[in-house]
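Everything below concerns the one structure shown next.
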Amino acid sequence: MNIKQTLEKARKNKNPNDIMVALSTMVEEFLQIFTKKQTEDLDKKLNDSLNEVLNQIKGMKDSLDKQMLDELNAFIVKESHRLELKGDPGYTPIKDVDYFDGYTPQKNKDYFDGKPGADAVVDYEKIVGTVIKYIGDQKDTPDDIVRKIGLSKLKISIDSISKLTEEIALIKKVVSTKSNATVKSGGMGDWIHQQFSVNSTSTYITLSSRVAANGTAHLFRYQGQVLAMNVDYSVNGKVVTFLSPLTDILVDGTTFDATFVRTS
């Protein structure tokens, strides 16, 4: 029976003893609840305080340990500089007792020369075949090669062109001989050099004079590269007509040099 039931019974019976019992029971339970609540609060406060004290003690211990360690390190460093550590003199090794000179190997006893090797055999056929195969694997046609040469910034040396130097020397000799002779009407004239700007659409140029020796006394170059008559161009009077493959490699902003002997 709980407090409420006890009080209800005392009220109905109008018995003072029942009322006192009910009140006593209520006070007792209240005290139990109050005491339990106070005990729990007290335990919590004690635990919190204890944890705080332990944390403070741990912090003080860590700080003290670090301080003591720093002081110990400082002391060791100071003492190591103050003390001069020097051991006893070491033992000096004695030759032929503690160590010995090495042995020098002797030829034909400890080592021998090898037998002379055979002369290398050069397989020229294999080398030539490899080169020919490499050339055959190239995709450039002769026209492609000529076009690339014309566009290249590198120039072909006159000396590298077969007999070109001899031909130029022969022309100079002929000109020199003719210049010392009496020049008649219709004979060969002076050497003339003209430079023309050409582009990718150029098809011909016009010289200032006709070319001597039936149009053969000349040397024409494109971008410094010597051209071949009736291959790269043709000559008819003063007009030089460009042929393929020259027309295939012409680009804008390039130059055509014409060096020739004029005639009337």
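Using modelled backbone amide H atoms (1.01 Å from N, in-plane), which distant-in-sequence or interchain residues come within less than 5 Å of Leu243's amide H?
Tyr233, Ser234
When the Karplus curve 6.51 cos²θ - 1.76 cosθ + 1.60 is applied with θ = phi - 60°, which whole-Hz ³J(HN,Hα) does each residue of segment 96-111 get, with x for Gly and Pro?
Here the 3J(HN,Hα) series is 6, 10, 9, 8, 9, 5, x, 8, 8, x, 10, 5, 6, 10, 9, 8 Hz.
Values in this text are rule-based calculations from the coordinates and carry no lab data. Keep in mind it's a predicted model, so treat the numbers as computed, not measured.
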